[in-house]
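Asks: First the structure, which I've put down as structure tokens, then a few questions once you've had a look.
The values are calculated or read from the model by the stated rules, or taken from the named source; none is laboratory data. What you are looking at is a predicted structure, and each value in this text was computed from that prediction instead of being measured. Cβ: placed from backbone, ideal geometry, glycine included. Neighbour counts: every protein chain shown. When the accessible area is computed, the model is the full protein with side chains, heavy atoms only, and any ligands, DNA or RNA have been set aside. Shrake-Rupley method; radii C 1.70, N 1.55, O 1.52, S 1.80 Å.
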Amino acid sequence: MSKKATEKHEANNGVLANAVSVARVAKSYSTTGEVAVKLIGNLERGRPVFIYFDGLPVPFFIDSITRKGNSGAIVKFSTVNSYKESLSLVGKELFVSTEGMDEAELSEYLSDREKILSNIAGAALLNAEGRRVGTITEFFDYPENPCIGVSLAPGLRFALSEGGDTSFAEIPFNTGLILEVNLPESIKMEIPAGLVVS
């Protein structure tokens, strides 16, 4: 089966092998269907990206990419040709399949976010007193304010949750708060007061 046929087969069956998130669509950009994206990995012409609709990955081929600043780009997909069509992509993540990539090629597609997450995911988060706060599950590369996502230990809740899941917290993750790193087991941090409560 050819590479394109394999990708089509994967998309049709809801399976995307070794998917890596490389960008998120921020907004529609023009009347011809271009979109502005926030890059968290690598995008290139010639390799399809996949966007999930109703739980299924749909392939999109890139006609052009114009970089904007350090982490932005304007992207034109071959099958998106109007402002109305581009609206359906806003907020969607773009994925690539890393199946079959060698180590050097894979490194280009793994964003800093993915590299950081691969090192800290599953580690216990400890507070300054050494008590377990929860398990690190995610890394959010917010500009000038990176955060970690933490599945909180029983009995703890996230004070800033707005009616959502209080057992999941987003906690600032910067060097000034990190007290001790003992990966892959744990990270000890100064947790901002009032963020996680019992």
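Asks: Kindly indicate the residue of the range 45-68 that is assigned to a loop (DSSP other than H, G, I, E, B) and out of contact with any strand residue (DSSP E or B) (no Cβ under 9 Å at 6 or more places or on another chain) and also least open to solvent (accessible area, probe 1.4 Å) among those meeting that condition.
Replies: By that ranking, first place goes to Gly55.
Asks: Could you check the range 103-197 for strands (runs of 3 or more DSSP E) lying wholly inside it with 1 or more residues that are exposed (fewer than 12 other Cβ atoms within 10 Å of the Cβ) and either touching a His at 6+ places or on another chain (Cβ under 6 Å) or at pLDDT 75 or above (or both)?
Replies: Output list reads 178-182.
Asks: What's the number of the only condition in (1) touching a strand residue (DSSP E or B) at 6+ places or on another chain (Cβ under 8 Å); (2) charged (D, E, K, R); (3) open to solvent by 60 Å² or more (accessible area, probe 1.4 Å) that Lys84 fails to meet?
Replies: With (1) touching a strand residue (DSSP E or B) at 6+ places or on another chain (Cβ under 8 Å); (2) charged (D, E, K, R); (3) open to solvent by 60 Å² or more (accessible area, probe 1.4 Å) applied to Lys84, the lone miss is (1).
Asks: Could you please give the count of residues in the range 22-44 that are open to solvent by 10 Å² or more (accessible area, probe 1.4 Å) and over 10 Å from Val75 (Cβ atoms)?
Replies: Result for the range 22-44: 12.
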